[in-house]
Structures are given as C-alpha cells and as structure tokens.
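First up is the structure itself, then whatever we jot down about it.
Bear in mind that the values in this text are calculations on the coordinates, not laboratory data. It should be emphasised that the depicted structure is a prediction, and the values quoted were computed from it without experimental measurement. Counting neighbours? That spans all protein chains shown, and the Cβs are built from the backbone with ideal geometry, glycine included.
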Protein chains: 2
Amino acid sequence: MSVTDSTSDGGPGEEPSRRSFLRSGIGIAAIPMGAAEASISKETAPIPPEPTNPRLTTFSAGTRGEYRIVSMQTLVGDPLPSADRISIVPGTNRLETEGSTWTLRGVTSNERYVDRSEKRRLAEVQAPLGRATSDVSVLIPLRKTPAWWALTQEERREIFESRSHHIQIGLRALPAVARRLYHCRDLATVEPFDFITQFDFASADTAKFDELLAALRAGEEWRYIDRECEIRMVRD
Amino acid sequence: MSVTDSTSDGGPGEEPSRRSFLRSGIGIAAIPMGAAEASISKETAPIPPEPTNPRLTTFSAGTRGEYRIVSMQTLVGDPLPSADRISIVPGTNRLETEGSTWTLRGVTSNERYVDRSEKRRLAEVQAPLGRATSDVSVLIPLRKTPAWWALTQEERREIFESRSHHIQIGLRALPAVARRLYHCRDLATVEPFDFITQFDFASADTAKFDELLAALRAGEEWRYIDRECEIRMVRD
C-alpha cells in the first residue's frame, strides 16, 4: 500500500486505530448488550461513548479556541452565527461543544477526483497544515446543489477538472497554501455543509491564497454551490 | 460569480427535511447554547437528539425485528455475533439499540462509479426493495482494504467495472434482484464495515441471486475485500 499524504487519504496514521478496534473482538458499533442494566440506573447511566472515526475533526465556534476569528463572510446561502474564536479538535464529544455557538464536523476520506499523475504531482509539492510559518488559517464550508449530486462521477470530474481546473488551480498555490478537505455529507447527522476545507499559509502569502480562491470561484464548478462561508482566523 | 438559485433546486425525497432544517435558522449541528443549563440538572438532562441524516438506515440484530435470520456466514475476516432477528429502520436512536447484539449503520449516497449510459440502463431495469413478492432479503456487509482506498478514482473504476464487471453482473440479475447500497466508511463513528448492501428477491429467484454473488466474488475487485459477512433473512 502506498499512501502519500495521511491527511487526504485515510492514510497510515488513521488505519491502526480502526484496525485495533476491529481486532479487539467487538468489531461492531453497538452498545454492548446489558450495558444499561449495570449497577447504575437507566436514567442516570451515561451513554457509553461510541468509538470515534479517527479521521473525524470537530470545529467549534464560540468564545474559546486556539483560533481567533478575524472575519466571517457569507458568499451564498445562510450565514453562520458570528463568533469570536474557533477550536479545531480531532474527534467529537458532545459535552465539549455545549458552550459553542455552532459546531461543524467532517472526516478526511479517500480522494474522489485526482488521477494518478495529479496525485503524484500533489504529493511532490503539497505541504502539511500547521507549519510554524503559517500564521493565517481559513475555513471554507460549502454545500453543493442536488443537481451536482445527481451527476455521474465522470460528469462531476469533467466539471471539476476539465472545465474548472480545480486541481491545476490548487497546484499553482502550492506549497505556499496548505489545505485539507473534510467531508460532511455522509455523516449520520444532518450537516449544514457538504465539505469543509481548511487552509493555512504565512500572512505574506495572502495574495496567493486570494488568487486561488478567486480562480476557483470563477469556475463552472462553483455554479453548483448553494451555500458557502469564509472564515479567516489567526492562531494566537 | 454565478450561482444557481438555491430555491430552485428542491430535489428528491431526502432534500426537503435537510432544507427545512437549514431554513429553521439553526443551520448548524450544535447543541443550542445553554440547553444543558435548563431547569433539569446537567447529570440527568437528556442529551437533545441531533437531527438524523434522512439517508441513514440502522440495522439492529438481536431477538427482535421484522426479519428472521435464516443463515449467517463469514466469507473473510471476523464474524458478526449470531442473532435471531434483524430490525431495519430509518435513522438511528441509541436507546433503541440497547438490547441489540450488534448494530450496523450506513447512508445511501451519490453514485461513485456508474457512467451515464449505465445509470440510464439501471434506471430502466432496476426494481425497488420491498416488493410484495420479495420474501427473501440478504445483507452483505463488507470492508475494503487500505490498498483499495489508496487507489485513485480512475484506478478503482478500472478494477470495479472494466476488469470485474460489477455493474454488468448486477444488470444481469435485474429486475429479479433489487439492491440498495449503504456507505459506512465516512460516518463519525468507527464502523466495522465500509459498505452494507441490502438485496431482496422472490425465493424462486434465489439461483439468480447466488449466481450474481458468485460472479462478483470471482472478480478482481473482491481481492480488495478483507471482511465480508452474508446474512440471509425472511420477513415474517
């Protein structure tokens, strides 16, 4: 198995915990039989936590968090309520999100559109999130239309790359602008967005990022987006 | 920037509840601020349910349920604990699964591999689950290897159809054998399988189904499967 980037692919970092869970002999996502009939009563028994997908990330906005929000903008669709700070943490814990104004969640997953040569090229030039020099972070949650999801894979790829050049545009901003894509559409809960993309870069590279964003938004792919927000943040 | 009117694409069956949730002004998957500080104490306050993805289905095995298990077989990987009956219900509710031996979940999603002509052909001949004549149901939960998920989309399509003829084999059994695919890999919880396929058909068509299954399992695609169970059931 060859995986170039653990962030984009469900790569090496995350497989072990999934596998060790399966090897534990549980191998099922159920509440163990009889768990609720233990010594504590049913009313007060805490619901045992279900094991969290190691590819899941939670974005909680409110008054706390390591990122300070600099600006929030709504490009299309309903805005997100305004907040001061955002916390970005692996996994999810409902209790931790109690004080938050809003919470978004997404999982990294297998790539849907890149071909082998693009994947190779991306692996050569892409940078990881969280470099010491990356003082600016941006979140772009977006939702695509039912018309997009009704297209076939080849039709989506055709719009995504052949006509909108999504991958080629992204490559131009590399390695200055690091990115990670999270998928929200196939979670068990109703999520307000289909995707969240997290970017980070040095403030000196802001123009490169703005150019990337403008180029993507000018493409045909963006006609299939009916909700999009843009949240710029600094880490302090 | 040009964006399609978000009000003009009120799509298929599942979209309305998603949209009405978003229109409700919440538009976020968060616990409302202060919900836990209501008149009941934090310890006994029930956690408010999060809105469930309308494409989610829960499969609970145990002693109850509308399907009686006739046989359970493990093709590869860990077996599922044996059970007498299975309940297949829309959505999920952790309390309802308390008495179950195991619970699987999955969401229906956009198609990943069919092209336009295959999609058209499938639409012409496929049948829905739940016909009055379909007295046999089969669940096939399966997991694909990390090597599969590290492939690009085009490489997966090449194995799936060009070399394993997954869609063509499925078409041969239509309309006798109805099927629905659920995705589990990108849920927020660790799930023991990547997919669950539910089939149903009249018992007189069992040979057609067996042939379909044997043909799929003989293909190259199946070399990328490291866990597979087969659960045959009747509805009574």
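Please state the shape class of region B:95-137: rounded when a/c is under 1.5, otherwise prolate if a/b exceeds b/c and oblate if not, all from the C-alpha gyration tensor.
Taking the square roots of the gyration eigenvalues as a ≥ b ≥ c, region B:95-137 is oblate.
Over 30 Å between C-alpha atoms is what I'm after, so list which of A:Lys144/B:Lys119; B:Lys144/B:Lys208; A:Lys208/B:Lys144 land there.
A:Lys208/B:Lys144
What are the principal axis extents of the Cα atoms in region A:146-236, in Å, biggest first?
40, 32, 18
Return, ordered by residue number, the residues of region A:114-137 whose backbone nitrogen is under 20 Å from a label point located 7 Å along Cα→Cβ of A:Val89.
A:130
Assume the label is 7 Å from Cα along Cα to beta carbon: what separations in nm does B:Glu155 have to the matching positions in the other copies?
Nearest to farthest, the other copies are at 2.8 nm.
In region B:79-236, how does Rg compare with the Kirkwood Rh, expressed as the Rg/Rh ratio over alpha carbon atoms?
Radius of gyration over Kirkwood radius for region B:79-236 works out to 0.95.
May I ask you to report, in nm to one decimal and beginning with the shortest, the distances from A:Arg121 to the same position in the other copies, taking label points 7 Å along Cα-to-Cβ?
Those label-point separations list as 3.3 nm.
How large are Rg and Dmax for region B:59-147 when calculated on the C-alpha trace, in angstrom?
Expressed in Å, the Cα Rg and Dmax of region B:59-147 come to 16.0, 45.
Between B:Ala218 and the same site in the other copies, what are the distances in nm, shortest first, taking label points 7 Å from Cα along the C-beta direction?
5.4
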